[in-house]
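Below is one structure; the comments refer to it alone.
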Amino acid sequence: MPFKQDVYNRSVYREPAPIDHAADPFQAMMERFDVAAEILELNPGFYEYLCRPAHVHTVSIPVVMDTGHIRVFEGYRVIHNNVLGPSKGGIRYAPDVSVSEVKALAAWMTWKCAVVDVPFGGAKGGVICNPRDMSPGELERLTRRYTANLLDVFGPDRDIPAPDMNTNDQIMAWILDTYSMHARRTENAVVTGKPVGLGGSRGRTEATGRGVMTVTLAALDRVGLDAADCTVAVQGFGNVGSIAAKLLAEQGCSIVAVSDVTGGYYNADGLDIPAMIEYVKTHDGTLDGYEAAEPLTNEELLTLDVDVLVPAAKEDQVTEEIARDVQAKIIAEGANGPTTPAADTVLNEKGVIVIPDILANAGGVTVSYFEWVQDRQGYFWTLDRVNERLDRIMTRAFDGVFETAETHDVSLRIGAYVMSIRKVAEALRIRGIYA
Ligand code: NAD
């Protein structure tokens, strides 16, 4: 019997080798993956294949600092999977970047792309550094050398980076330029999230927040709530949180609380979100000192009596303890991994609808896909076209996840994992295992 036949026969496989589930973000991903894999009765061989990253690249990045000294930074690029297409995922610059975190984020990208049905696999990058302590010149040299070290990994048909925490369109422009210099041609499809003047897509900056808005409205609709009667609290007032707050306010929601690293800001009558966005622009990127609101702690914000809570800051914010006090009916996860697995259990028992990260914040990668398509066609869409297609994809993904969850009588999170793992596993089954 040819090997391929055996690959799909569970009986030829021993139980998967135990995976080191240390207490880390990768474990949080694996806990959800395991539940979905069981529902799908995933072939143990596929299980082993899909829960491990395909490639983990570690690079040393020497940078001549402004002082003339050389500092060597450590960077990573993890390709989790590319069964559905080239791998896609952001690059994060932060002092606490770890390979485990990058592995988890890369896997989430695989599931996220599959949920919204864009033909990409999952990847993520990170560099251990503190960009706040670095000059623009140092950041540029770091970015260019990181790119040069990964020239054989990146490519419009191979692996396509994008911005993530502490990286932005300028950093994408440096990656594009470095890659293009080596390729001897301008290759703008090698990154997404770049400036519109360099082949970026209209609507990309707002896309993640817009996606959060679309799925929140879809969830409100399912539970029979009208946006105009709803109150919302948003944790994190960066790209995702501020745009989600602004767009939900435009839909009639009353945004009663927001927070950033400087603390929480509350107004029972609703905050003036456009004014707060303007304030951040002129106050070094934070709400520090904003006066038209009452102060609020992070914990108070997360447990406020609101209809919708949007965690849009960072991982592990809604813990088991916080979950017990959560009063929101709907949580729309703008951030990646804001809810711990233990908190999920509590929220499920309380009947809180959690729109999971791999669905709720997938608007960003969806418009990144649009950007890559536009670059490759050399034909750029209007903002209306981008937004209309984004809304359609997000609504379709929400409906698919909702129905999958209903069919298996599980949470939306497990529904999203089931839907995406099924899609990737099916592609893997059709492709077969190359030997
Ligand atoms: P950002 O850097 O623009 O904003 C982060 C915000 O969170 C800032 O306002 C910061 O002050 C705030 N913050 C940080 N720590 C906080 C804390 N302890 N309490 C309250 N606020 C805190 O980042 P972003 O692009 O908005 O990303 C936020 C999250 O969304 C991350 O998890 C990111 O991975 C995820 N995400 C972003 C995108 C995107 O397109 N930007 C796409 C998908 C997922």
Inset, instruction - May I ask you to say which residue of L198, L225 is closer than 30 Å to I330 by Cα and either away from the ligand (no atom under 11 Å from the Cβ) or in contact with a Leu (Cβ under 8 Å, 6 or more places away or on another chain) (or both)? - result: L225
Inset, instruction - Filter the stretch 261-278 down to the residues that are more than 26 Å from E321 (Cβ to Cβ) and within 12 Å of the ligand (Cβ to nearest atom), then identify the one that is surrounded by the fewest Cβ atoms within 10 Å (Cβ to Cβ). - result: I277
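Within the bounds of the stretch 353-370, is there any residue that is farther than 16 Å from M213 by Cα, out of contact with any strand residue (DSSP E or B) (no Cβ under 7 Å at 6 or more places or on another chain) and away from the ligand (no atom under 15 Å from the Cβ)?
No, the conditions are met nowhere in the stretch 353-370.
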Legend entry - Single residue of G264, G238 found to be at negative phi, in contact with a Pro (Cβ under 8 Å, 6 or more places away or on another chain) and touching a residue at least 12 places away in the same chain (Cβ under 8 Å): G264
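FYI, it's all coordinate maths here, none of it is from the lab. For clarity, every value in this text was computed on a predicted model and none was experimentally measured. Reconstructed Cβ throughout: ideal geometry from the backbone, glycine too, with neighbour counts over all protein chains shown.
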